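Novice: Could you have a look at this structure, given as structure tokens, before my questions?
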Amino acid sequence: PVIYLLHGFGGDHTSWINRCGIDDLIDSLQADGGLMDCIYVLPNAWKSYYVNNYDSSVRYSDFFISELVPFIDSAYRTLDDKAGRALLGLSMGGYGGIMLALQHPDYFGTVVAFSAAVRTDEQFSALPQGRYEIFFSSVYGPGLNEMERINCHWKMNSPFYLVDSANAAQYKKINWYIDCGLSDP
């Protein structure tokens, strides 16, 4: 099985190791027999939110699905099917895991999202302009104010719109684990 570990905003491909010690945790769990052998992939998504951006100058989702997953399946001895692939992400990575699975439900059997950076229309449109520019302008478009942000690109990359617009039965075939603390905004 392959587990794709998706980092949060401001992190990179080393975040799960340097900030979380995931390598030590995996080694410990495997030594105790509490974890099967898996292939772990730690991609760098920069600040892409794991989606294609508004002007297609950064097509991260396309890269992930069309290049990264096929490369891993061809270069390593994987279980080359939905049941053999999982997405595990934190914050931006949790959002990315949810979005990749919703947009490509035949690719992933399990999604684990910790403190996923998912926002409603109301939350997204109410973000102060400075926060929007820092965190989202490169993905959804610069200079968008309040309700201008709720555009076609936002809707194509909003879990709420995707779940409401798609055949819900396809999402029931994915194992979902979504966790968010009570104090997490």
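Novice: Which order, highest average first, do 119-125, 87-93, 30-36, 152-158 follow once you tally other Cβ atoms within 10 Å for each residue and take the mean per peptide?
Specialist: 87-93, 152-158, 119-125, 30-36
Novice: Calculate, for the chain, the solvent-accessible area per residue in square angstrom, rolling a 1.4 angstrom probe over the heavy atoms of the protein chains.
Specialist: With all protein chains present, the chain gives 54 Å² per residue.
Novice: Let me ask something additional. Taking the highest mean first, how do the peptides 94-101, 43-50, 109-116, 58-65 order by number of other beta carbon atoms within 10 angstrom per residue?
Specialist: Most protected by this proxy first, the peptides run 94-101, 109-116, 43-50, 58-65.
Novice: Taking Lys173 as the anchor, which aspartates and glutamates have their alpha carbon closer than 19 Å to its alpha carbon, excluding any fewer than eight residues away along the same chain?
Specialist: Within the straight-line cut-off, Lys173 pairs with Asp80, Asp81, Asp106, Asp164.
Novice: Within 10 Å, count the other beta carbons around each residue, average over each peptide in 178-185, 22-29, and list them highest first.
Specialist: Per-residue Cβ counts within 10 Å, averaged per peptide and sorted highest first, yield 22-29, 178-185.
Novice: Lysines within cross-link reach of Lys172: Cα-Cα under 24 Å, excluding same-chain residues under 8 positions apart?
Specialist: Once the sequence-local lysines are set aside, what remains near Lys172 is Lys82, Lys155.
Novice: Also, quick follow-up: Give the percent of DSSP beta bridges with both residues in the chain that are antiparallel, rounded to the nearest 5.
Specialist: Antiparallel bridges make up about 5 percent of those DSSP assigns within the chain.
The values are calculated or read from the model by the stated rules, or taken from the named source; none is laboratory data. As the structure is a computational prediction, the values presented were derived from the model and not from experiment. Virtual Cβ from ideal backbone geometry, glycine too; neighbours counted across all protein chains shown. Side chains are part of the model used for accessible areas, which takes the heavy atoms of the whole protein and leaves out ligands, DNA and RNA. Shrake-Rupley method; radii C 1.70, N 1.55, O 1.52, S 1.80 Å.
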